[in-house]
Amino acid sequence: MFPIPERLEKGRPYPLGATWDGLGVNFAIFSANANAIDLCLFDAGGRREFARLALRERDDDIWHGYLPYASPGLIYGFRAQGPYAPEQGHRFNPAKLLLDPYARQISGELRWTDSLFGYRLRSSRVDLSIDRRDSAAAMPKAVVVHDHFSWDHDRRPRIPWSETVIYEAHVKGLTRLFDEVQPPRRGTCAALSHPKIVAHLKRLGITTIELMPVQAYAQDRALLERGLTNYWGYNPLCYFAPEPRYLSEGSAREMREMVRRLHAADIEVVLDVVYNHTCEGNELGPTLSWRGLDNASYYRLAEDRRRTVNDTGTGNALNLSHPRVLQMVMDSLRYWASSFRVDGFRFDLATTLGREPFGFDTGAGFFDALKQDPMLSTLKLIAEPWDVGPDGYQLGHFPTGFAEWNDRFRDSLRRYWRGERAMRPELAARLSGSGDKFDTRTRKPWASINYVAAHDGMTLEDLVTYANKRNDANGENNHDGVGDDYSTNWGHDGPSDDVQIAALRARIKRSMLTAVFGALGTPMILAGDEYGRTQKGNNNAYCQDNQISWFDWNAANQEGGQSLIRFVSRLAGLRRAYSTLRCDRFLGGNEEMAPGVTDLSWWDERGATLSAEDWANGDGRILILRRAARLDDGAIEITAVMLNADGATLIFQLPGPFHWRLLIDSADPDKDEHDIDGTTFEIVGHAAVIIVARQVA
């Protein structure tokens, strides 16, 4: 044990958090409204508080102090003194131990007890009362760390957006049943970078893995009481510390090694990050960190100052209009980008991040800070373009440099393939890069993240297996999750032994994937969709840390799974091989590549371009997207994505008098590429086909 001084030395106000300099540790923390802040030191087990030292220095609302002789491994927390006046937005309570918002490692787990709340839970005065019990025994603590890691020779893949294929995955879900590693490593970063998992991603043609939240998150008390857990992790406890459950040996080195191994395979790592809210919930939630440090600064508050604004639907919203809160988010992003060298971020409920006091603003401080940052502005930035607040749906309204999850693409594709009427115009807009949403300023088609399934909703397998959600396992009487996933069961609800139903479902899955990879924009697939992973109809498996959510490697290795994996691999290969399948600019249909050949055109099965009457025909279920581009050698490359959502097999007149070559047919996934004889091609009902032609200049 190092000698504990009677008082801290002055220290520095920057950087925030706990910083070891080789001789001691500097502590710095923000609070504009506290009267005093104490540093609390704990023994190696985090159980006994053996010292409490005041942070006596305060510069620009940064409280700081220096502890000589302290070193990495020291366990600590804070206590803040100030007014307990909820009606004024202040909720200071020195009885509550507070986690450092800048903690880079966490020791211990959150143990739910009433002492975690700043008020007496059963008081008639509700949150106007105050709870004097010490919460330290139930709180996780921060750990001082030293982040040295050798990144020598590491190289960011920097995949161009037009060549990007995203794979959304969960660290534990992808690896929990992976038996190539020992049980303690399953479900962790160590397993995710195993050579066989990397080989699987490479075989699929994945360029970028997007990981669901890996920043430390809290378990929900209500879920634990129902015997469930927060599996997805959208409940942030700390924005700088990795989630301990994903580290087999407790060291963040494991996550850094994962990133480095994926980089070595030319695979990017994008993190799903949750800066819109925290795990402290609404005004009746616990006091764990930000609330106890400065509730009125960290959170957006309602006019009465007592309640938190709930634009996120999770109880609170971070106040990114405050410069210190914005600084915390930016510091966190830079930390992950530099110390872990991740390649980008997907921002959960990103509309909240762009909210200023008067509403959503494409020129919000957060966006400006990102765009001017010399490191972050060069990474992949992806927005989930909605929240539940006023005017919360902002698809297409994010600044240049952002890509966005396109739920319009998702829903249009699902509705088209389940046979809804009048879907041709809407589907055409989505297949052509959603130019109605993104063809503004200098944005490109890659800004549209095109997908048919993601973590939130049914899997691809379940979209063709269940007519309605089956969320009973969540313990919410099937009331949670969206009411309509635009799914259908094709004759039998649930798994079926009927050969015809099984064949139809498999074909439609392949057809939807063909449309995802054949559309302008950036394709994304959900981990497990490549082999047919099912959640048994659950469209909101956020609390299912079990086989409902986990990737089944045994099923993936069966012939049925391998067949679909081969098909996805072929689709990704075609996208790499043909520039017209990954156009990096919007096509207007007005540029002539050769006489009678425009860069984009729409056709039907009669070999005719669609007229205004055809677009208005609600019964039209056939659509051909033909694209053309001039190659470097002067030749014209022409591809056609031909979709037959009709139930009948039809003879298609090919779209133009060229020597066409079949690339892929969702009705016959193992059919080899070959030249097409004649001017027609038979397409089975509910199938999709991609063909190519080359016209020499």
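The values are calculated or read from the model by the stated rules, or taken from the named source; none is laboratory data. Remember, predicted model here, so these are calculated numbers, not experimental data. Cβ atoms come from the backbone with ideal geometry, glycine included; neighbour counts cover every protein chain shown. We work out accessible area using only protein heavy atoms, side chains counted, and drop any ligands, DNA or RNA first. Shrake-Rupley method; radii C 1.70, N 1.55, O 1.52, S 1.80 Å.
Hey, can you tell me all the residues within the range 251-277 that are of a type outside the set (A, V, I, L, M, F, W, C) and either open to solvent by 40 Å² or more (accessible area, probe 1.4 Å) or without any contact (Cβ under 8 Å) to a residue 60 or more places away in the chain (or both)? Listed by number, the residues that qualify are Ser251, Arg253, Glu257, Arg260, Arg261, Asp266. Restricting the first member to the range 13-33 and to residues that are within 16 Å of Arg104 (Cα to Cα) and surrounded by fewer than 20 Cβ atoms within 10 Å (Cβ to Cβ), and the second to residues that are at pLDDT 95 or above and small (Gly, Ala, Ser), no beta-carbon pair is closer than 6 Å while six or more apart or on different chains.
Within the range 116-170, if we keep just the residues that are of a type in the set (S, T, N, Q) and open to solvent by 30 Å² or more (accessible area, probe 1.4 Å), the residue that is farthest from Thr400 (Cα to Cα) turns out to be Ser124. Taking the conditions (1) farther than 29 Å from Glu243 by Cβ; (2) part of a strand (DSSP E or B); (3) not aromatic (Phe, Trp, Tyr) in turn, Pro5 satisfies each one other than (2). In the range 103-115, what residues are open to solvent by less than 20 Å² (accessible area, probe 1.4 Å) and not aliphatic (A, V, I, L, M)? Scanning the range 103-115 gives a single hit, Ser115.
Criterion first (of a type in the set (D, E, K, R), touching a strand residue (DSSP E or B) at 6+ places or on another chain (Cβ under 9 Å) and more than 23 Å from Phe681 (Cβ to Cβ)) does Glu605 satisfy it? Answer is no for this residue. The residues of the range 629-648 that are in contact with a strand residue (DSSP E or B) (Cβ under 8 Å, 6 or more places away or on another chain), closer than 21 Å to Ser511 by Cβ and open to solvent by 20 Å² or more (accessible area, probe 1.4 Å) amount to a single one, Asp646. Considering only residues in the range 208-219 that are open to solvent by 10 Å² or more (accessible area, probe 1.4 Å) and not in a loop (DSSP other than H, G, I, E, B), the one that is farthest from Thr164 (Cα to Cα) turns out to be Tyr217. Screening the range 387-482 for helices (runs of 4 or more DSSP H) wholly inside it with 3 or more residues that are among the aliphatic types (A, V, I, L, M) and in contact (Cβ under 8 Å) with a residue 60 or more places away in the chain returns the ranges 424-431. Within the range 602-614, residues that are under 20 Å from Thr649 (Cβ atoms) and in contact (Cβ under 8 Å) with a residue 24 or more places away in the chain sit with their Cβ atoms under 8 Å from residues that are open to solvent by less than 40 Å² (accessible area, probe 1.4 Å) and aromatic (Phe, Trp, Tyr), at 6+ positions apart or across chains, in these pairs: Glu605/Phe652; Gly607/Phe652. Of everything listed in (1) closer than 16 Å to Val273 by Cα; (2) surrounded by fewer than 23 Cβ atoms within 10 Å (Cβ to Cβ); (3) not small (Gly, Ala, Ser), the single unmet condition for Arg346 is (2). Checking each residue in the range 188-207 for being in contact with an Asp or Glu (Cβ under 9 Å, 6 or more places away or on another chain) and assigned to a loop (DSSP other than H, G, I, E, B) picks out Thr188, Ser193, His194, Thr207.
Annotation note: of Ala403, Ala364, Ala383, the sole residue that is modelled with pLDDT of 95 or more and more than 15 Å from the chain's Cα centre (by Cα) is Ala364. The set of residues in the range 581-628 that are surrounded by fewer than 22 Cβ atoms within 10 Å (Cβ to Cβ) and basic (Lys, Arg) comprises Arg585, Arg606.
Restricting attention to the range 221-250, and to residues there that are farther than 21 Å from Phe149 by Cα and hydroxyl-bearing (Ser, Thr, Tyr), which single residue is surrounded by the fewest Cβ atoms within 10 Å (Cβ to Cβ)? My answer is Thr229. Quick check on the range 19-33. Is at least one of its residues hydroxyl-bearing (Ser, Thr, Tyr), over 20 Å from Ala136 (Cα atoms) and over 35 Å from the mean Cα position of the chain (by Cα)? No. Can you spot a residue in the range 297-312 that is hydrophobic (A, V, I, L, M, F, W, C) and under 26 Å from Ala454 (Cα atoms)? For the range 297-312, residues hydrophobic (A, V, I, L, M, F, W, C) and under 26 Å from Ala454 (Cα atoms): absent.
Considering the range 41-91, and only residues there that are acidic (Asp, Glu) and more than 29 Å from Leu284 (Cβ to Cβ), the residue that is least open to solvent (accessible area, probe 1.4 Å) turns out to be Asp43.
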